[in-house]
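What follows is a short report on a single structure.
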Amino acid sequence: MSESCDVAIVGVTGMIGDVLIDVLDDHDFSIAKLYLVDEENVAGGRLMYKGQSQRVEPLERFDFSLVKAAVFLGSESMAESWIPRALAQGCAVIDASGHSRRNMDAPMVVADANPHAMDEFAAPGIIACPDSQVVQAVLALQSIVRESGVQSVSLATYQSMSTLDQEAVEGLALQTGRLLNGQPPESGALAKQAAFNLIPRTGELDEQGFTRDEARLGEDVRRVLELPGVSVAATCVVVPVFYGTAAVVQLRTREALPVKRLATLLRKAPGVKLLDKPAADGYPTPVTEATGSDSVWVGRLRQDPVDPLVLNMWIVSDNLRKGVVLNSLQTLRLLIKDYL
């Protein structure tokens, strides 16, 4: 297998671009030559990679036969349009856009949790990466699943505007500025006022009353953790924060798991940091601990006083860095090392 190979990263402008460069500078991902690629209307600019200025090449004219692997970080529509071309030109694809999550022939990988999902992978082919909510939930839950088993999981996510898109981030900034200046907010890209508010629903509801994001979150957590018969119910809430994501997790285990043992498991879990102290500031937040961090942070561990099988915890992470960029590039490293 390869020690390194040439790689294209597609969708490198906007919010994701600066985060991508920071992560690339901080780690070695076995990339021999890197091509930065985006759609023609935003290509042509330059990003600094390993101290060198590098041009963003237009996707419409990019030759994927130049690389062995491509990572898609852009929109689902971009991935839908261009992944077939990358595959046709012999390129293995890691899709972090969301487009390939429903493709059951593509392994869904959280690099710190289920690298074995790639065991049957053969290039050219697709590896799907789940969204940031799934990544943080899976990393917090995986050691519990192995230790005591899980009967059910309930998730309430508290997502920043950057989990939606750039327009939502800009919309929150606009509304906040207007409200602080005594002006009425303008909805803009947002259906309702987001500044100083909570939005408990994004998107249309299905027949059971779940949004697409909520249904997909449950499906993907089950898929990555290999829990096909376990209920994973989610409520996704958008909060007036620009970056970062958080969740309250309540789960029912098959065997009682004392909090002290849970804390020990989490300290040893890959990709996880535990901050659970009785001090006033002994818990993690998306801004103070998670932003810029390569870890999912966990705190507020509690065992239900009535039912010892029920556990509660609080998890936070940097949705762009940890949930999207780092997981996809860690998956790339595994792909290059063992499959190319």
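Remark: pairs (first residue in segment 115-128, of a type in the set (A, V, I, L, M, F, W, C); second residue in a loop (DSSP other than H, G, I, E, B) and open to solvent by 70 Å² or more (accessible area, probe 1.4 Å); Cβ separation under 8 Å; 6+ apart in sequence or on different chains) = 123/68; 126/105.
Name every residue in segment 256-291 that is modelled with pLDDT of 95 or more, among the small types (Gly, Ala, Ser) and either loosely packed, with under 14 Cβ neighbours inside 10 Å or more than 30 Å from residue 161 (Cα to Cα) (or both), in order of residue number. The answer is 256, 263, 282. Which residues, counting only those in segment 79-118, are under 22 Å from residue 67 (Cα atoms), more than 16 Å from the chain's Cα centre (by Cα) and open to solvent by 10 Å² or more (accessible area, probe 1.4 Å)? 80, 81, 82, 84, 85, 87, 88, 89, 90 - these are the residues of segment 79-118 that are under 22 Å from residue 67 (Cα atoms), more than 16 Å from the chain's Cα centre (by Cα) and open to solvent by 10 Å² or more (accessible area, probe 1.4 Å). Residues considered: 223, 252. Of these, the only one that is in a helix (DSSP H, G or I), of a type outside the set (Ser, Thr, Tyr) and either touching a Phe, Trp or Tyr at 6+ places or on another chain (Cβ under 9 Å) or open to solvent by 40 Å² or more (accessible area, probe 1.4 Å) (or both) is 223. Condition check for residue 33 on (1) part of a loop (DSSP other than H, G, I, E, B); (2) open to solvent by 70 Å² or more (accessible area, probe 1.4 Å); (3) among the charged types (D, E, K, R); (4) at pLDDT 95 or above: one failure, at (1). For residue 207, the stated conditions do not hold, so it cannot be described as under 19 Å from residue 250 (Cβ atoms) and over 20 Å from the mean Cα position of the chain (by Cα). Just one of (1) of a type in the set (Ser, Thr, Tyr); (2) in contact with a strand residue (DSSP E or B) (Cβ under 9 Å, 6 or more places away or on another chain); (3) assigned to a loop (DSSP other than H, G, I, E, B) fails for residue 158. It is (3).
Within segment 11-29, the set of residues being open to solvent by less than 60 Å² (accessible area, probe 1.4 Å) and either part of a helix (DSSP H, G or I) or touching a Cys at 6+ places or on another chain (Cβ under 7 Å) (or both) comprises 15, 16, 17, 19, 20, 21, 23, 24. Got a number for residues in segment 276-328 being of a type outside the set (Ser, Thr, Tyr), out of contact with any Asp or Glu (no Cβ under 7 Å at 6 or more places or on another chain), without any contact (Cβ under 8 Å) to a residue 40 or more places away in the chain and outside any loop (DSSP other than H, G, I, E, B)? Final tally of qualifying residues: 1.
Let's see how each residue does on (1) touching a Pro at 6+ places or on another chain (Cβ under 6 Å); (2) among the hydroxyl-bearing types (Ser, Thr, Tyr); (3) touching a residue at least 60 places away in the same chain (Cβ under 8 Å):
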position: 183; (1), (2), (3): no, no, no
position: 214; (1), (2), (3): no, no, no
position: 220; (1), (2), (3): yes, no, yes
position: 234; (1), (2), (3): no, no, yes
position: 240; (1), (2), (3): no, no, yes
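Counting only residues that are under 19 Å from residue 99 (Cβ atoms) and open to solvent by 90 Å² or more (accessible area, probe 1.4 Å), how many does segment 185-203 have?
Pass one, segment 185-203, residues under 19 Å from residue 99 (Cβ atoms): 202-203.
Going one step further and asking which of them are open to solvent by 90 Å² or more (accessible area, probe 1.4 Å), we end up with none.
Total satisfying the criteria: 0.
Name the single residue that is nearest to residue 22 (Cα to Cα) among those in segment 36-50 being open to solvent by less than 40 Å² (accessible area, probe 1.4 Å), part of a strand (DSSP E or B) and not hydroxyl-bearing (Ser, Thr, Tyr). Across segment 36-50, the extreme among qualifying residues is 47. From the list 72, 64, which one is more than 20 Å from residue 324 (Cβ to Cβ) and buried (at least 22 other Cβ atoms within 10 Å of the Cβ)? When all the criteria are applied, what remains is 64.
When 23, 56, 19 are checked against the criterion of being under 24 Å from residue 85 (Cα atoms) and of a type in the set (Val, Ile, Thr), 56 stands alone in meeting it.
The set of residues in segment 296-330 being crowded, with 24+ Cβ neighbours inside 10 Å and among the polar types (S, T, N, Q) consists of 317, 319, 327, 328. Regarding residue 6, is this residue of a type outside the set (A, V, I, L, M, F, W, C) and assigned to a strand (DSSP E or B)? In short, yes. Evaluation of residue 146 against the conditions (1) open to solvent by 60 Å² or more (accessible area, probe 1.4 Å); (2) within 30 Å of residue 1 (Cα to Cα) shows that the sole unmet condition is (2).
The values are calculated or read from the model by the stated rules, or taken from the named source; none is laboratory data. Everything numeric in this text was worked out from a predicted model, so none of it was measured. A quick note on method: Cβ atoms are made from the backbone with ideal geometry, for glycine too, and the neighbour counts reach across all protein chains shown. The area values use the complete protein model at the heavy-atom level, side chains included, leaving out ligands, DNA and RNA. Shrake-Rupley method; radii C 1.70, N 1.55, O 1.52, S 1.80 Å.
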